[in-house]
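S.K.: Input: one structure, supplied below.
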């Protein structure tokens, strides 16, 4: 395992000069959210426009249910709209319901890339914008090499990276630079994965 080196001059302020990642064919990415082998929700990205004026709609809808009494033990809904211009994030607007706790965000790009994970440029910076509360999170990136990951369309080769610091995520990107798989540990210790449809 090696830690991705950052050029000495690469700072948070330079994040705006990075090129936005390629847009997936069809203009969307969709994932099943899986916990303990069960599908608990959906996570999706919708892309419209082009690099000089790009809009990204991100939506997550998760509900963990207690099977016997058919009640919801945990729920999370998040919708955000990212506005990009010439490869730079201009604004993020989001609304989140974190298990009954609401969050609203409307902010400029803060010279950072958003922690929405679709853009593999996040692997080349050391700070990300939290799209729920607008805070800036410090991260480190480890390169774990190429692996096979399972998607709903079958196994594909993808490059594995690990984020640590203020955000902990394992991320896999396919040969086109599109997000292929996500894995992380939830607050209750369970493993959650995003399986691409």
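FYI, it's all coordinate maths here, none of it is from the lab. On a predicted model such as this, the values are computed, not experimentally measured, just so you know. Note that each Cβ is placed from the backbone with ideal geometry, even for glycine, and that neighbours are counted across all protein chains shown.
S.K.: Considering only C-alpha atoms, what is the centroid distance from the range 90-111 to the range 116-181, in Å?
M.R.: 20
S.K.: Calculate the translational D of the range 2-196 in whole µm² s⁻¹ from Stokes-Einstein, where the hydrodynamic radius comes from the Kirkwood formula applied to all Cα pairs, the temperature is 20 °C and the viscosity 1.002 mPa s.
M.R.: Rounded to a whole number, D works out at 124 µm²/s.
S.K.: Still on this structure, I have one more. Can you give the log10 of the normalised intensity I(q)/I(0) at q = 0.18, 0.19, 0.27 Å⁻¹, computed with Debye over equal Cα scatterers of the range 56-122?
M.R.: Taken in order of the listed q values, log10 I(q)/I(0) reads -0.72, -0.77, -1.18.
S.K.: Here's another thing I want to ask about it. Counting only C-alpha contacts under 8 Å and six or more residues apart, can you give the relative contact order of the chain as a whole percent?
M.R.: The normalised contact order for the chain reaches 20 percent.
S.K.: Which FRET efficiency, nearest 0.05, do residue 36 and residue 155 yield, Cβ-Cβ r, R0 22 Å? Before the final figure, lay out the partial values.
M.R.: Values: r = 21 Å, r/R0 = 0.97.
That pair, residue 36 with residue 155, gives E of 0.55.
S.K.: For the range 83-151, calculate the relative contact order in percent as a whole number, restricting contacts to Cα pairs under 8 Å that are 6 or more residues apart.
M.R.: Values: 94 pairs, mean separation 16.0, N = 69.
Relative contact order of the range 83-151: 23 percent.
S.K.: So what is the orientation-averaged projected area of the range 114-170, using the convex hull of its C-alpha atoms, in nm²?
M.R.: Values: hull surface 17.0 nm².
So the Cα hull casts an average projection of 4.3 nm².
S.K.: Exposure proxy check: 43, 78 ranked by fewest other beta carbons within 10 Å? Please list the in-between numbers first.
M.R.: Working: 43 23, 78 19.
So the ranking, lowest neighbour count to highest, is 78, 43.
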